[in-house]
Amino acid sequence: MHSRFVRFLSLVALLGAMTACDPVVDLRGNLPSQERLAEIKPGRFTKQDVTALLGTPASTAVFGDERWYYISSKIETIAFFKPEELERQVIIIDFDRTGTVSDIKKLTLENGKDVQMVARETPSAGRDLNVLEQLLGNIGKFNSKAKDDASGPGGGS
């Protein structure tokens, strides 16, 4: 009887461990359907038309409002491992100065580029203070409220 119970608990633990490692797939962003995207014709559609058809973009150009980005990605996470991006689609819609669509581009994960971060720091003026210098450096720099109230609105005697 005892060995059956141990086998049963082992089986439950094994099944629990296996289901805990199932990958979790998250869909993030706003990906317009191909049918709606095909409706947009350069030279005919304005920003208002695009917003009505696709919704607001995920991002716009840093300078000006002539480029809109619709970004979507599929992310897979397995247990405690680093999430992995399986798919990415970026729809770029360019507008001319009058606010009319001038171009539509489609990019995928393969079009992305890895960017290496620089580990150096920007130097700042002055010198580094230790904790004791920081604490003692503030002594006498602040006026107490009682001192300000005693002097009155006229500033003193």
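The values are calculated or read from the model by the stated rules, or taken from the named source; none is laboratory data. Keep in mind the model is a prediction, meaning the values are calculated, not measured. Counting neighbours? That spans all protein chains shown, and the Cβs are built from the backbone with ideal geometry, glycine included. What goes into the accessible areas is simple: the full protein's heavy atoms, side chains included, and nothing from ligands, DNA or RNA. Shrake-Rupley method; radii C 1.70, N 1.55, O 1.52, S 1.80 Å.
A few points about this structure:
- Cα shape, the range 61-102, gyration tensor, a/c 1.5 rule: prolate
- Two-site FRET efficiency, L86 against H2, from Cβ-Cβ distance with R₀ of 35 Å, rounded to 0.05: 0.15
- Measuring nothing but alpha carbons in the range 31-98 and taking Rh as the Kirkwood radius, the Rg to Rh ratio lands at 1.10.
- Cleavage-rule hits, chymotrypsin sites (Phe, Trp or Tyr not before Pro), the range 57-137, DSSP coil, Cβ neighbours within 10 Å at most 11: F63, F80, F81
- Candidates per GluC sites (Glu not before Pro) in the range 100-141, loop by DSSP, up to 14 other Cβ within 10 Å: E121
- This model, with +1 at the C-beta of Lys and Arg and -1 at the C-beta of Asp and Glu, gives the range 2-131 a dipole about its Cα centre of some 260 debye.
- For the range 44-133, trypsin sites (Lys or Arg not before Pro) meeting the loop criterion (DSSP other than H, G, I, E, B) and having at most 10 other Cβ atoms within 10 Å: R44, R97, K113, R120, R127.
- Exposure rank, largest accessible area first [S124, S3; 1.4 Å]: S124, S3
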